[in-house]
Amino acid sequence: MEAKPPLYPVAGAAGPEGDKDSLGVPDGLAHAVPQLDELVGAYPNYNEEEEERRYYRRKRLAVVKNVLAASAGGMLTYGVYLGLLQMQLILHYDETYREVKYGNMGLPDIDSKMLMGINVTPIAALLYTPVLIRFFGTKWMMFLAVGIYALFVSTNYWERYYTLVPSAVALGMAIVPLWASMGNYITRMAQKYYEFSHYKEDEQKPQQRPPRGSHAPYLLVFQAIFYSFFHLSFACAQLPMIYFLNSYLYDLNHTLCNVHSCGTNSHGILNGFNKTVLRTLPRSKNLIVVETVLMAVAFLAMLLVLGLCGAAYRPTEEIDLRSVGWGNIFQLPFKHVRDFRLRHLVPFFIYSGFEVLFACTGLALGYGVCSIGLEQLAYLLTAYGLGASAASFLGLLGLWLPRSVPLVAGALLHLLLIISLFFWAPVPKVQQHRWILYAAAVLWGVGSALNKTGLSTLLGIMYEDKERQDFIFTIYHWWQAVAIFAVYLGSSLPMKAKLAVLLVTLVVAVASYLWMEQKLQRGALPRQPRIPRPQHKVRGYRYLEEDNSDESDAEDCGQGACAEEEARQRRPPSGREPAGRCRRPCPYEQAQGGDGPEEQ
């Protein structure tokens, strides 16, 4: 019986001469070489330029995703905060609600201290905001501040002095860091989008910085998107009022029975307003459901910032920003006062804080609620928010017009409205002029949108150095916080005094801004503080040290034995510096046959 040939060749078996080709290479190896080339060789249809284009397109889409996620997170956070605060203050204002729910706990006193914590604490924000942003990083500062807003929402499950007041103080501390890091984040996204759109120019000139103002078109678009979402939060904040609290409110004939003057003739906030505004008290179970929905939305905002917002800087850039020294980081916001551009913009910063508070208190309460009732408050603020959200895209006019046009146009619109409000005193409980109030709210929102979008875009264009942006936006939002604190102190002033302060501030802001633009056109050079060079004292980063700073592979090197050697390595190099006892020879030294510089 003939033996069948083996299915597989026996390893190491010496075959006949026919098992080799003419070059003496075994047949199996000769067949394996083409298969290996097919496996590890270059892909035949690979197009390097096309792959590079797709890569940077994904990078640009990631930047757009970051802008949308940050904008949506800010909208949800501020909407939850405003909606909860508005509903809470209305409930606590009602005498029957306070007596039945809380007895003699002193709820008005708690509310006054809570408002004081929210409005007074940001005054100290200039001292710690840049340090916190540099310490945590821009993205993580946003996440931490949104978490503090969520903490404030959670304390309303158990309304006591020791829950509401500390959370309000913490919220006041987080206001300026949140919006400063948001402004810095949007500006950085515009710069990164420019880098990913012009990557070929970076490859040709890798060491040169992009031209000044090159990212301005992208910044205009991103700021318009951000403030469109931000102003939409004023409309979202009214959802608890519209779908829950309005069904419990008295009509205007009851709440306005003792109100005799409105608008420019009014004093304080709703002087003579009825102390009972609730027809029936809402059940605790329903309140818990509303607060749970608000808490879920705040938690969703945290997840948006955490999961969808990418980093604003590369890790090496984050290290460089921290390495200028914490003392320098603390001082640099104050040193930027020497820049005449910031000094000229300070009145606009203050007016930016005034006009938002006037829309929510002066226009909505002194003119709206005082004349057409508390049940119309939510719809007035919704009109303001929707008008401002839609008008934020008017900031894109800066793509074709000079940058001063949108900012000055918004200021002129507010100027006309302020002068009109000076001479208008609506009659209480008269509904015929309701359309005038809604038109005024929408037009005020248009002016607010042009103001906010124009200021943030202007700062991002003038201060495009990534080492300065967090300082600049900190100064901007700190002055806004100072203005809000001034409005809080002057809440009992007559309406004419408030309008006069608003008018004077607006005129000074426009004149100061136009003076700044004239100085820049004449070629005046701003005086900016020097940013110190990073001093890298952290060991373990190879790309930051001239020598190998990774001491993890030194087996015989203890902390005490190498202290002197580490001190010597920190000195500036002078010629060929001898290596220490604990450093292993580098591969080049080993190739020379020696054990390192010790033998020389």
Some residue of region 83-102 being open to solvent by less than 40 Å² (accessible area, probe 1.4 Å), within 21 Å of residue 162 (Cα to Cα) and in contact with a His (Cβ under 9 Å, 6 or more places away or on another chain): no
Residue within region 234-242 that is over 20 Å from residue 63 (Cα atoms) and assigned to a loop (DSSP other than H, G, I, E, B) present: yes
Breaking point among (1) under 19 Å from residue 313 (Cα atoms); (2) surrounded by 15 or more Cβ atoms within 10 Å (Cβ to Cβ), for residue 209: (2)
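Every residue, every condition in (1) part of a helix (DSSP H, G or I); (2) buried (at least 18 other Cβ atoms within 10 Å of the Cβ); (3) in contact with an Asp or Glu (Cβ under 6 Å, 6 or more places away or on another chain); (4) acidic (Asp, Glu), yes or no:
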| residue | (1), (2), (3), (4) |
| --- | --- |
| 109 | yes, no, no, yes |
| 112 | yes, no, no, no |
| 117 | yes, yes, no, no |
| 123 | yes, no, no, no |
| 129 | yes, yes, no, no |
| 134 | yes, yes, no, no |
| 143 | yes, yes, no, no |
| 148 | yes, yes, no, no |
Selected residue (criterion: nearest to the chain's Cα centre (by Cα)) from residues of region 487-532 that are within 22 Å of residue 334 (Cβ to Cβ) and without any contact (Cβ under 8 Å) to a residue 40 or more places away in the chain: 530
Number of the condition not met by residue 253 [criteria: (1) touching a residue at least 60 places away in the same chain (Cβ under 8 Å); (2) surrounded by fewer than 19 Cβ atoms within 10 Å (Cβ to Cβ); (3) outside any helix (DSSP H, G or I)]: (3)
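Hey, among 312, 298, which residue is of a type in the set (Gly, Ala, Ser), open to solvent by less than 10 Å² (accessible area, probe 1.4 Å) and farther than 19 Å from residue 237 by Cβ? Before you say what the answer is, go through the steps one by one.
Values: 298 fails: farther than 19 Å from residue 237 by Cβ.
Residue meeting the stated conditions: 312.
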Close pairs (6 angstrom Cβ cut-off, 6 or more residues apart or separate chains): within 22 Å of residue 151 (Cβ to Cβ) in region 84-105, charged (D, E, K, R) anywhere: 92/111
First in region 48-62 and in a helix (DSSP H, G or I), second anywhere and surrounded by 13 or more Cβ atoms within 10 Å (Cβ to Cβ), Cβ under 7 Å, 6 or more apart: 56/196; 56/199; 59/196; 60/193; 60/196; 60/197; 62/310
Matching option when the condition is open to solvent by 40 Å² or more (accessible area, probe 1.4 Å) and among the polar types (S, T, N, Q), among 371, 420, 389, 404: 420
Cβ pairs under 7 Å, 6+ apart, first in region 277-298 and of a type in the set (Val, Ile, Thr), second surrounded by 14 or more Cβ atoms within 10 Å (Cβ to Cβ) and not in a helix (DSSP H, G or I): 277/94; 277/249; 277/250; 290/244
Selection within region 257-313 - over 16 Å from residue 84 (Cβ atoms) and of a type in the set (Phe, Trp, Tyr): 273, 313
Single match in 176, 221 (criterion: among the β-branched types (Val, Ile, Thr), open to solvent by less than 30 Å² (accessible area, probe 1.4 Å), farther than 30 Å from residue 421 by Cα and at pLDDT 90 or above): 176
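State all residues of region 421-435 that are assigned to a helix (DSSP H, G or I), over 35 Å from the mean Cα position of the chain (by Cα) and either aliphatic (A, V, I, L, M) or farther than 15 Å from residue 380 by Cα (or both); if no residue qualifies, say none. Steps first, answer last, please.
The initial filter retains those residues of region 421-435 that are assigned to a helix (DSSP H, G or I), namely 421-422, 434-435.
Those still in the list that are over 35 Å from the mean Cα position of the chain (by Cα) too: 422, 434-435.
Residue satisfying the conditions is 422 alone.
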Of all residues in region 60-76 being among the hydrophobic types (A, V, I, L, M, F, W, C) and farther than 18 Å from residue 392 by Cα, the one that is surrounded by the fewest Cβ atoms within 10 Å (Cβ to Cβ): 61
Yes/no for residue 288 being β-branched (Val, Ile, Thr), open to solvent by 30 Å² or more (accessible area, probe 1.4 Å), more than 21 Å from residue 72 (Cβ to Cβ) and outside any loop (DSSP other than H, G, I, E, B): yes
Criterion violated by residue 492 - all others in (1) open to solvent by 70 Å² or more (accessible area, probe 1.4 Å); (2) at pLDDT 80 or above; (3) more than 30 Å from residue 272 (Cβ to Cβ); (4) in a loop (DSSP other than H, G, I, E, B) satisfied: (3)
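The values are calculated or read from the model by the stated rules, or taken from the named source; none is laboratory data. Model, not experiment: these values are computed from the prediction. A quick note on method: Cβ atoms are made from the backbone with ideal geometry, for glycine too, and the neighbour counts reach across all protein chains shown. To get the accessible areas, we keep the full protein, side chains included, count just its heavy atoms, and leave off ligands, DNA and RNA. Shrake-Rupley method; radii C 1.70, N 1.55, O 1.52, S 1.80 Å.
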